[in-house]
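Inspection log for the structure reproduced underneath, given as structure tokens.
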Amino acid sequence: MGNSALKAHLETAQKTGVFQLTGKGLSEFPEDLQKLASNLRTIDLSNNKIETLPPLMGKFSMLKSLTLNHNKLTALPEELCKLKKLETLHLNGNQLTHLPAAFGQLAALKTLSLSGNKLRTVPAQLCGLRHLDVVDLSRNQIQSVPDTVGDLQAIELNLNQNQISQISPQIAHCPRLKVLRLEENCLELSVLPQSILSDSQISLLAVEGNLFEIKKLRELDGYDKYMERFTATKKKFA
């Protein structure tokens, strides 16, 4: 892609606060973008071939939405964690194995999509994020859900299509968790914490495609309590 095309995109972005350049075969983050670091609110560089993000990412102080789906990222720079206004971060279809240590500093983050990466665990850093609403960790290589998950503030947690065979009962303590998706994992009915049914806020539990028949779920203690929440939520949205 020529410089003139990039220049045109930069001029538009200066007026709108939105920079979108998808599917152009970019191998690196456009350095020229830093000229707009103080007024860009949205960046979308999906469907490119970007392997790393530069430290200058930390300069985009007004950024609210960053989308880098389907690139070749294997890690994120610590500087990314300086984006105090970032509300939406989409990183689906990359090769991330972990998140930066300071990820919990993204205080404004509401939506985080990490579907189709190489994560092996639910990152503990997510538990520091107080405004998180939706977390998508589907299609990773997660094998267990650790005790730290009890501090997660999310309303919806998507763990579909992983390799989960263990779940900490602490998940029932998530203060805001309403939707828990665990479809197509390696769960036996015996490892599903009963507290999810009896003592949690969860009103939608999706567990199709595991190592048990769905109808067996109805035989568990606490299922009636879960159904009360499920039905009440259904009525609210009807």
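Which ones in the range 119-137 are farther than 14 Å from Glu87 by Cα, outside any helix (DSSP H, G or I) and over 13 Å from the mean Cα position of the chain (by Cα)?
Selection gives Arg120 alone.
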Has the range 28-37 got any residue that is of a type in the set (A, V, I, L, M, F, W, C) and open to solvent by 20 Å² or more (accessible area, probe 1.4 Å)? no
Turns out the helices (runs of 4 or more DSSP H) fully within the range 190-238 with at least 3 residues that are within 12 Å of Ala172 (Cα to Cα) are 195-198
Residues to consider are Leu40, Leu66; find the one that is in a strand (DSSP E or B) and open to solvent by less than 10 Å² (accessible area, probe 1.4 Å). Leu66
Take Ser27 and decide whether it is in a loop (DSSP other than H, G, I, E, B), in contact with a Ser or Thr (Cβ under 7 Å, 6 or more places away or on another chain) and of a type outside the set (A, V, I, L, M). no
Given the conditions (1) assigned to a loop (DSSP other than H, G, I, E, B); (2) under 24 Å from Asn158 (Cα atoms), and given that Asn48 satisfies all but one, which numbered condition is not satisfied? (2)
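Answer yes if at least one residue in the range 172-179 is in contact with an Asp or Glu (Cβ under 6 Å, 6 or more places away or on another chain) and open to solvent by 30 Å² or more (accessible area, probe 1.4 Å), and no otherwise.
no
The values are calculated or read from the model by the stated rules, or taken from the named source; none is laboratory data. Predicted, not measured: the structure shown is a model, and the values here were computed from it. Using ideal geometry, Cβ is built from the backbone for each residue, glycine included, and neighbour counts are taken over all protein chains shown. Just the protein is used for accessible areas: all its heavy atoms, side chains included, with ligands, DNA and RNA removed. Shrake-Rupley method; radii C 1.70, N 1.55, O 1.52, S 1.80 Å.
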